[in-house]
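Report on the following structure.
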Amino acid sequence: MNLSHIEHIGIAVKNLDESIEYYQDVLGLKCYAIEEVKDQKVKTAFFMLGETKIELLESTDPEGPIGKFIEKKGEGVHHLAFAVKGIEKALGELKDKGVRLIDETPRKGAEGLDIAFLHPKSTKGVLTELCENKNKS
Ligand code: ZN
């Protein structure tokens, strides 16, 4: 498997605007994109730090994955995303190694990336995402 860096850290927030203010005014980062991912029932805001992004996730539906996460655990780190080359091959390798996949095949995530989630039961408790930017690679 060919992981290159942490692509982003996904953070569940209750209020996107207030959270953007914190990242901008307190931490001095700049929000460069806001995007709604209907598929996942979230609105996202992105910040860049080196090669890594911070992805804030606000639920647009209490029944969506982020809505449920916040209900159960409150705001906080939701998932860790690795940039990978050859996402299909990586998923095959993981499956062979007994890792439980949430997505057996990649789907489209924010920013047009191909993404797939691994189940936290197989990843020591961390919801893990693989991402590949096929426009770049
Ligand atoms: Zn993500």
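List of remarks:
- Residues in segment 1-21 that are surrounded by 14 or more Cβ atoms within 10 Å (Cβ to Cβ) and part of a helix (DSSP H, G or I): LEU16, SER19, ILE20.
- Residues being in contact with a strand residue (DSSP E or B) (Cβ under 6 Å, 6 or more places away or on another chain), surrounded by 19 or more Cβ atoms within 10 Å (Cβ to Cβ), among the hydrophobic types (A, V, I, L, M, F, W, C) and within 17 Å of ILE6 (Cβ to Cβ) are represented in segment 99-112 by at least one member.
- Taking every residue in segment 44-55 that is of a type outside the set (D, E, K, R) and pairing it with any residue that is surrounded by 15 or more Cβ atoms within 10 Å (Cβ to Cβ) and not in a strand (DSSP E or B), at least 6 positions away or on another chain, the pairs with Cβ-Cβ distances below 6 Å are THR44/ALA110; ALA45/LEU16; ALA45/ILE20; PHE47/TYR23; PHE47/LEU29.
- Residue in segment 27-40 that is on the phi < 0 side of the Ramachandran plot, of a type in the set (Ser, Thr, Tyr) and crowded, with 19+ Cβ neighbours inside 10 Å present: no
- On inspection, ASP61 passes the criterion of being away from the ligand (no atom under 16 Å from the Cβ) and either among the polar types (S, T, N, Q) or surrounded by 12 or more Cβ atoms within 10 Å (Cβ to Cβ) (or both).
- Residues located in segment 115-137, provided they are surrounded by fewer than 19 Cβ atoms within 10 Å (Cβ to Cβ) and under 16 Å from GLY86 (Cβ atoms): ASN133, LYS134, ASN135, LYS136, SER137
- Check on THR52, within 13 Å of the ligand (Cβ to nearest atom), hydroxyl-bearing (Ser, Thr, Tyr), touching a Leu at 6+ places or on another chain (Cβ under 8 Å) and under 26 Å from GLY86 (Cα atoms): no
- Qualifying positions in segment 89-115 - within 13 Å of the ligand (Cβ to nearest atom) and aliphatic (A, V, I, L, M): ILE102, ALA110, LEU113, ILE115
- LEU118 vs. criteria modelled with pLDDT of 95 or more, within 13 Å of the ligand (Cβ to nearest atom) and over 22 Å from GLU35 (Cβ atoms): yes
- LEU80 being under 21 Å from LYS30 (Cα atoms) and surrounded by 19 or more Cβ atoms within 10 Å (Cβ to Cβ): no
- Among (1) in contact with a Lys or Arg (Cβ under 7 Å, 6 or more places away or on another chain); (2) modelled with pLDDT of 95 or more, the one test that ASN2 misses: (2)
The values are calculated or read from the model by the stated rules, or taken from the named source; none is laboratory data. Treat the numbers as computed from the prediction; the structure is a model and nothing was measured. Note that we place each Cβ from the backbone using ideal geometry, even for glycine, and neighbour counts take in every protein chain shown.
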